[in-house]
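Visitor: Pasting a structure below so you can have a look.
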Amino acid sequence: MALTPEKMEEIVTTLSGLTILEVADLVKKLEEKWGVSAAAPVVVAGAGAATAAPVAAPEKEDFDVVLTGSGDKKIQVIKVVRELTGLGLKEAKDLVDGAPKTVKEAVAKAEAEEMKKKLEEVGGSVELK
């Protein structure tokens, strides 16, 4: 598909009408689709300008809580996973046995840190992604 000047103008107009949150969501979806990261600042050289100021990436608001190991107290970790997720005993056990596994996705930072703390208190190892 060729990008005509009219099509390019249409895309610019559409993007100009988006809110910051919508742009951040769009960036996230494009990163996932293309398997890239927009975290590195892009420097643009234009007529009369040596460089453009780097754009700060928006601070991450949602985190995935990933159990990376159960440690020595596997039963305690299973109990905490059940408490945090509402899973049944078999499902929670399968999650713990299959570590590294995501316990919960798209959790607010404070809630994710609380979940991590609870799991680590009983011997589990956790990453926030």
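Only the coordinates and a few stated rules stand behind these numbers; no lab work does. As the structure is a prediction and not an experimental result, all values here were calculated from the model. Positions of Cβ are generated from backbone atoms using ideal geometry, with glycine treated the same way; all protein chains shown enter the neighbour counts.
Visitor: At A106 and E6, where each label point lies 7 Å from the Cα along Cα→Cβ, what is the point-to-point distance in nanometres?
Guide: Calculated label separation equals 3.7 nm.
Visitor: Using the Karplus curve 6.51 cos²θ - 1.76 cosθ + 1.60 with θ = phi - 60°, work out ³J(HN,Hα) for each residue of segment 17-24 in order, rounded to whole Hz, and write x for Gly and Pro.
Guide: For segment 17-24, the Karplus-derived couplings read x, 7, 7, 4, 5, 5, 5, 4 Hz, x marking Gly and Pro.
Visitor: Continuing with the same structure: Give the cross-link partners of K29 among the aspartates and glutamates, using a straight C-alpha distance below 19 Å as the criterion and excluding same-chain residues fewer than 8 apart.
Guide: The reachable aspartates and glutamates, counting only those whose Cα sits under 19 Å from K29, are E59, E61, D62, D64, E105.
Visitor: If the label point is 7 Å along Cα→Cβ of E114, which residues in segment 79-108 have backbone nitrogen under 20 Å from it?
Guide: Output list for this probe position: 79-87, 103-108.
Visitor: Apply the Karplus parameterisation 6.51 cos²θ - 1.76 cosθ + 1.60, with θ equal to phi minus 60°, to every residue of segment 116-129 and state each ³J(HN,Hα) to the nearest whole Hz, in sequence, with x for glycine and proline.
Guide: Going residue by residue, I get 4, 4, 4, 5, 5, 4, 9, x, x, 10, 9, 10, 9, 10 Hz, with x marking Gly and Pro.
Visitor: Sorting check: for 65-73, 93-101, which peptide has the highest mean count of neighbouring beta carbons within 10 Å, and how do the rest follow?
Guide: Ranked by mean Cβ neighbours within 10 Å, highest first: 65-73, 93-101.
Visitor: If I stretch the segment between L128 and K60 completely, what's the gain in nm (0.36 nm per residue apart, minus their alpha carbon distance), one decimal?
Guide: Gain in length upon complete extension: 23.4 nm.
Visitor: Distance cut-off 20 Å, Cα to Cα: go down the list K79/K116; K93/K116; K7/K60; K73/K101; K93/K118 and report the pairs above it.
Guide: Over 20 Å Cα-Cα: K7/K60.
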